[in-house]
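Inspection log for the structure reproduced underneath, given as structure tokens.
What follows is calculated from the coordinates using simple rules that are stated; it is not laboratory data. Only a predicted model underlies this, so the values are computations on that prediction, with no experimental measurement involved. Note that we place each Cβ from the backbone using ideal geometry, even for glycine, and neighbour counts take in every protein chain shown.
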Amino acid sequence: MGRKPIRRRPANNQGLQHRNRAVAEADSQGTVPRELARRDGGFPASEPGGKNRYVVLAVCGFLVLAAGLVFGQTVCYQFINFDDDIYIYENWQVSRGLSAEGICWAFTDRHNAANWHPLTWLSLMVDCQFYGLNAGGHHLTNDLLHAATAVLLFLVLWKMTGGFWPSALVATIFAVHPLRAESVAWVTARKDVLSGLFFMLTLAVYVRYVRRPFSPGRYLLLAFVFTLGLMAKQSLVALPFVLLLLDYWPLRRMVPAAGIPAHPANPSKQGTQKCPPHELHGARFSFPWRLVVEKVPLFLLSVVFSLAAVWAASGTQMPGEHRPLWWRIGNALISCAAYLEQFFFPLGLAAFYPRPELDLPIWKICGAFTILLTVTVTVCVWRRRCPYLLVGWLWYLGMLVPVLGLVQVGIGAMADRFTYLPQIGLCIALVWAAANLFPCWRFRYWACGIASASVLAALLGCAWRQASFWRDSEPLWTHALACTSRNNVAHNNLGYVLAHRGQSDEAITPFQQALKIQPDHAEARNNLGYALAHHGQIDEAIACYRQALKIQPDYVEAHNNLGTALARRGQVDAAIAHFQQVLKLKPHHAEAHNNLGIALTRRGQVDAATAHFEQSLKIKPEFAEAHENLGLALARRGQVKAAIAHFQQALKINPNLAGAHDNLGLALSQQGEYAAAIVQLREAIQLVPNHLVSVNRLAWLLATCPAASVRNGEEAVELAQRAVQLSGNPEPAILGTLAAAYAQAGRFADAVEAAQRAIALASVRGDQVLADTLRARLKLYQAGSPYHETPDQRHK
């Protein structure tokens, strides 16, 4: 018998091809099937339903913790002097919380902040409803919104791609990157974190929609959530473009239908592989008209909200601030490249980047264009093998377009907050590229883990430091000046901090530097006037205010400050005209109502003044000066008890108001509460030792009080002598106080001499009523008797 032929088992080419196709598909999605992960290394894949829920919860908790470690410090921060006043603490509609009028205003106003974002206004109103003007509460809301956005980003990416750990890494980089500091640590940037949350919700709804593309209910929900995002910030107009990119990868709705899994995130709907592996990478497909038509309603929403943004910004640019189109295009190219650099090297970040002059360097424009073009060509060439590179890069560019300044809004060249959503695309491209680097290296998993941990640790440290600059205005602008050059906005805002802290001498220099950079900077000109006025240079301040109004005729703060300066010069009628102009331009300007009330009081129109003080407090209930002034007006009308209540409220808001202590002391003495009155007058003198009125008033009360237990002649003499020294030129009323103090101390010869001097001065000045009063007291001193008021006299 011959040898039986050996039957060799044919090579399982079909199985090998199947494995290669699986690896190729996994690489195209940035994942490797679990059964191949041990062999090929790298990030292990996991379908959305396949991970242990405790692992998922742990990742979500880690994202919240990471965001909290970086931005939790902001709950102790204050508001800053950069739009926080416009958006919150000086915005009457927002600061009083939710109201029917405020809700209507949120949807109809376009003048505040030159933006139309009603949902952002409403969120700030809700904060004020719960937290009032406690800045920590507003910061907490930003922190929570950002953490929620990071968690949603992780879940949505995981659901779309099936890549668990790559999705977690992208979300973590997003959560802790230093460029996020401005969007999270700045309360005014609420529109970024709020729109970011709705952006992620829109993606989540879209992923559910693509499983059942013809579900009208889900499409309406998609359009509704997208609309809410647009109502938070119009820069989401590029979102429909992002959805088209996601259709290409990872949702894979653009490949031929036959045998191609249209829903890779849903294993139950995947079909049998029937085409070569290279087609899985989007090598061949017809233009997806159906997918474009599907998004027409979303694109229409983008157009409508883009027009709303243009409408809101119209009329807000000063003539000198407008830039020609060629300049805007050049600046846009430079900004795109600069954001790339900041993504990889997030150092030297500033709250404001000054806009370059018209002569943009050609080499910068050409260099930026070359970089962007090179990357674009590269990702297009690699689109078949690495579709995530193309999607991530176009996500980055597309989401940046609305904020590049091609339609000019604002005066900055660029801003960190503009990268909040665009740079997610860069993260996706880089993380998925790293996940597929060296696919057969057995140590790839460990290498990726160590590299990821190192990058995240570095980002955490940089982000924590960057967020710390936002604790208040001074370190924020000091850091901005250290990171940028010719930054007139930073100089101006730093000067504002110093001026409102009472350091008017130090504030003058930053204002002058801002004006040296930009001579037609109306705000810096007005602020310089404010510093000069507090330095006692009233005429120079008036000149600054007038120059600011020449640059910007409807500048309400310059009108208000000019009115105040004119009132100090005794030009009350001219001051009233400027205060009325402020209220014409901005009817809810609390300070203008208060200042107009003061001016009307000086003209004797106490009733009209009272109405303006009350309106000021209606707009700004915590306005201590308005409470004090209303108290004075009520006291003039004989309503002493009501006046006392307002003086006490003013001191509850601001215990350091020396004038309120003084006025409360006078009102209490008129009510017969002499001991309490003396306590208030002493407090006023302690706060302002050279406060002439308080010193003289306390000396008079200690010398002439109807209650014998309160009188103290020796202290009265000491205070009266001090008042005479503070007055410079002797005043008859103050000399009268000194005479009464001498008499109470038993020094009648000194009392007679002081009274005679006071009578002579009063006669020379033509004040016969005071002279006659002093003569009546002189007779008492000559008779060896002190002068004491009666309770009836104190109550007048």
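Side notes on the structure shown:
- Residue-wise HN-Hα coupling along segment 640-653, computed from phi with Karplus coefficients 6.51, -1.76, 1.60 (Hz; x: Gly, Pro): 5, 4, 5, 5, 4, 4, 6, 4, 5, 5, 4, 6, 5, 6
- Here the Karplus relation 6.51 cos²θ - 1.76 cosθ + 1.60, evaluated at θ = phi - 60°, turns the backbone of segment 199-208 into coupling constants of 4, 5, 5, 4, 4, 5, 5, 5, 4, 5 Hz, with x for every Gly and Pro.
- Mean Cβ neighbour count within 10 Å, used as a protection proxy, ranking 638-649, 177-188 highest first: 177-188, 638-649
- Here the contact order of the chain, divided by its residue count and restricted to Cα pairs under 8 Å and six or more residues apart, works out to 10 percent.
- Spatial extent of segment 422-472: Rg and Dmax, with the Cα atoms as the point set, Å: 14.8, 51
- Centroid-to-centroid separation of segment 219-234 and segment 319-358 [C-alpha atoms, Å]: 29 Å
- Here Lys233 is the anchor, and the aspartates and glutamates within straight C-alpha reach of less than 20 Å, apart from those fewer than 8 places off in the same chain, are Asp83, Asp84, Asp85, Asp109, Asp127, Asp143, Glu182, Asp192, Asp416.
- Of every Cα-Cα pair in segment 116-214, the percent that sits beyond 21 Å: 40 percent
- Segment 49-83 and segment 421-439: distance between their alpha carbon centers, rounded to Å: 22 Å
- Rounded, prolate or oblate (a/c below 1.5 giving rounded, otherwise prolate when a/b exceeds b/c) for segment 691-796 by Cα gyration tensor: rounded
- In the frame of its principal axes, segment 91-131 has Cα extents of 26, 16, 16 Å, reported largest first.
- Charge tally for Ala720 (other residues, Cβ to Cβ under 12 Å; Lys, Arg +1; Asp, Glu -1): -2.
- Residues in segment 673-681 carry Karplus couplings, in order, of 8, 5, 5, 5, 5, 5, 4, 5, 5 Hz; the curve used is 6.51 cos²θ - 1.76 cosθ + 1.60 with θ = phi - 60°, and Gly or Pro positions show x.
- Stokes-Einstein, applied to the Kirkwood radius of segment 53-466 over Cα pairs at a viscosity of 0.890 mPa s and 25 °C, places its translational diffusion at 109 µm² s⁻¹.
- Our Cα-only numbers for segment 589-696 put the radius of gyration and Dmax at 13.3, 39 Å.
- Percentage of interatomic Cα-Cα distances in the chain larger than 55 Å: 30 percent
- Which of Thr74, Thr227, Thr509 has the fewest Cβ neighbours within 10 Å, and the rest in rising order: Thr509, Thr227, Thr74
- Scaled against the 2.2 N^0.38 Å expected of a compact globular protein of N residues, the Cα radius of gyration of segment 753-792 reads 1.21.
- Panel note: the C-alpha atoms of segment 609-662, placed on their principal axes, show extents of 26, 24, 14 Å (largest first).
- The distance linking segment 719-743 with segment 638-665 is 26 Å (Cα centroid to Cα centroid, whole angstrom).
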